[in-house]
Amino acid sequence: MIEIVNKFEKVIYAALMVMLMAVLVAAIMELIWVLITSLTDFSPWLLETHEMIQVLGGFLLVLIGVEMLDTIKAYFLENTIHVEIVVLLAIIAVSRKVILLDPTGMNGFMFGFELIGTGVIVVGLAAGYYLIKKAGITIGPDMQKQEKNG
């Protein structure tokens, strides 16, 4: 029964990898389109602030997708959860949120509250990433904690 579950898990991961690759191709195509249209608009070869933010957000979105693909691939091949990659992915996602944060639709209190919450998340993720790297702990195929040598 466990072997059937393991095979089913592999099929699910393979399907996720294929779908994520399709999403990444679409995200890259959209990023190329945004970059071309931004560079050829009213002021050729100069990006305005909102265009630069949109392009950077697109780059970070593609980077998040590539890191997710790497995480799924690592689990698919090694049956190993790379916790540091998952935490780094969360840090990139929060960074994207900070870059794309638009205060125009909020009052001062809401904007401040969102910034404080985001700051707490960033500090927590950074501390977690530091502790993971310092300890060198991953979870191996037998699902027991293993400490890296070296």
Self-check item: Sparsely packed GluC sites (Glu not before Pro) within region 47-95, loop by DSSP, other Cβ within 10 Å at most 12
Solution: E48
Practice problem: Considering the options L125, F111, L89, tell which one lies farthest towards the positive end of the dipole of region 2-147, charges being +1 on Lys and Arg and -1 on Asp and Glu at the Cβ, about the Cα centre. | Solution: L125
Practice problem: Would you please give the residues with an amide H less than 5 Å from that of I81, counting only those at least 5 places away or on a separate chain, with H modeled from the backbone geometry? | Solution: I139
Practice problem: Work through the residues other than I72 whose Cβ is under 15 Å from its Cβ and net out their charges, Lys, Arg +1 and Asp, Glu -1. | Solution: -2
Quiz item: Which residue, chosen from F8, L31, A135, occupies the Cα position most advanced towards the positive end of the dipole of the chain, where the dipole is computed from +1 (Lys, Arg) and -1 (Asp, Glu) charges on Cβ about the Cα centre?
Solution: A135
Quiz item: For region 14-22, in order, what is each residue's ³J(HN,Hα) by Karplus, 6.51 cos²θ - 1.76 cosθ + 1.60 with θ = phi - 60°, in whole Hz (x at glycine and Pro)?
Solution: 5, 5, 5, 5, 5, 5, 5, 5, 5
Quiz item: Ordered by residue, what ³J(HN,Hα) values in Hz, to whole numbers, does region 62-71 give under the Karplus form 6.51 cos²θ - 1.76 cosθ + 1.60, where θ = phi - 60° and Gly and Pro are x?
Solution: 5, 4, 4, x, 5, 5, 5, 4, 5, 5
Quiz item: Along region 128-133, what does the Karplus equation 6.51 cos²θ - 1.76 cosθ + 1.60 (θ = phi - 60°) give for ³J(HN,Hα), rounded to whole Hz, x for Gly and Pro?
Solution: x, 5, 4, 5, 5, 5
Self-check item: Net charge dipole size for the chain [Lys, Arg +1 and Asp, Glu -1 on Cβ; Debye, nearest 20]
Solution: 440
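Just rank H82, H50, fewest to most, by other beta-carbon atoms within 10 angstrom. Mind showing how you got there, number by number?
Numbers: H82 17, H50 10.
So the residues, fewest neighbours to most, are H50, H82.
Read-outs throughout are calculated quantities, based only on the coordinates presented, and are distinct from any laboratory measurement. Since the structure is predicted, the reported quantities are computational estimates derived from the model, not experimental observations. Methodologically, a virtual Cβ is constructed for each residue, glycine included, from the backbone with ideal geometry; neighbour enumeration extends over all protein chains shown.
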